[in-house]
1. In this structure, is Val83 at pLDDT 95 or above, open to solvent by 60 Å² or more (accessible area, probe 1.4 Å) and closer than 27 Å to Trp122 by Cβ?
2. Among the residues of segment 6-32 satisfying the criterion of being open to solvent by 10 Å² or more (accessible area, probe 1.4 Å) and touching an Asp or Glu at 6+ places or on another chain (Cβ under 9 Å), which is farthest from Glu231 (Cα to Cα)?
3. Can you name the condition, by its number, that Arg222 falls short on among (1) surrounded by fewer than 17 Cβ atoms within 10 Å (Cβ to Cβ); (2) under 19 Å from the mean Cα position of the chain (by Cα)?
4. Which ones in segment 33-50 are open to solvent by 30 Å² or more (accessible area, probe 1.4 Å) and not β-branched (Val, Ile, Thr)?
5. Quick one: which helices (runs of 4 or more DSSP H) sit completely within segment 133-217 and have at least 1 residues that are of a type in the set (D, E, K, R) and under 23 Å from Val95 (Cβ atoms)?
6. Quick one: is Thr65 polar (S, T, N, Q) and buried (at least 18 other Cβ atoms within 10 Å of the Cβ)?
7. Given the conditions (1) open to solvent by less than 70 Å² (accessible area, probe 1.4 Å); (2) assigned to a loop (DSSP other than H, G, I, E, B); (3) among the polar types (S, T, N, Q), and given that Ser53 satisfies all but one, which numbered condition is not satisfied?
8. Would you mind finding the one in Ala46, Ala4, Ala9, Ala17 that is part of a loop (DSSP other than H, G, I, E, B), on the phi < 0 side of the Ramachandran plot and not acidic (Asp, Glu)?
Amino acid sequence: MRIASVSHAVFAVTMIALGILGLIKGDFTVVWAPVPQGVPAREAVAYLCALISVVSGAGLLWRRTADAAARVLLGYLLLWLLVFRVPGLFRSLNVDVYWAACSTAVMVAAAWVLYVWFAADWDNERLRVATGEKGLRLARSLYGLAMIPFGWAHFAYVQHTADLVPGWLPAHVAWAYITGGAFIAAGVAMLIGVCAPLAAVLSAAQMGLFLLLVWVPAAATRSLNPFQWGETVITWVLTAAAWVVADSYRRHA
């Protein structure tokens, strides 16, 4: 096995779990939604997405296949971003559209970091713009860009965000503004390269705390509706992806 970091292993296992969930469900999992009903062979595409998730996730855990798995996963996620997410931004800028786009962008950034880590000689020779330090800068910039709309959503939907703050914390509205501002500040910091490593770590930690303080207790104490389960899964995936990006500043496998 070739484990570059704990974050690498967690992200790989997360992709495997998403794929298994998709195969069991026989439909797109929440991280790929929304997908238009008119997509040709929609059910087949859903199974293909699940299969790619399982195979690429497993491939990331083995030395002989890590480079190919990272290449396939990056290409797949980047294609998904360009085909199903970016066009939607030209039609509407409601929260569902830009949140889905930014979530996919964070996953692309994580896959891109892993691609750089495991890039073979062929990749370094023919795709230099996507590998090495250039590739890492592009991946980090994409991640930073995605943080800004995440933060803006806290301001645009402040009461909804405040309602999610754990009851034992005071000043729920203030926390909504603080966390939203933190995402925006982290995104700007990573885009301009000022305190970028710290920004990446803190943004990943904030996502992880949201998972641990909001969704884990909720799942443990009551029955969650489909939307809440979806938010739990998305937060888990984003935390795993953000962790990989944060790790890119401290090591290069």
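1. no
2. Within segment 6-32, the match that is farthest from Glu231 (Cα to Cα) is Val6.
3. (2)
4. The answer is Ala33, Pro34, Pro36, Gln37, Gly38, Pro40, Ala41, Arg42, Glu43, Ala44, Tyr47, Leu48.
5. 158-164
6. no
7. (2)
8. Criteria check complete, one pass: Ala4.
The values are calculated or read from the model by the stated rules, or taken from the named source; none is laboratory data. From a predicted model like this one, the values you see are computed outputs, not experimental measurements. A quick note on method: Cβ atoms are made from the backbone with ideal geometry, for glycine too, and the neighbour counts reach across all protein chains shown. Heads up: the accessible areas ignore ligands, DNA and RNA and are worked out on the full protein's heavy atoms, side chains in. Shrake-Rupley method; radii C 1.70, N 1.55, O 1.52, S 1.80 Å.
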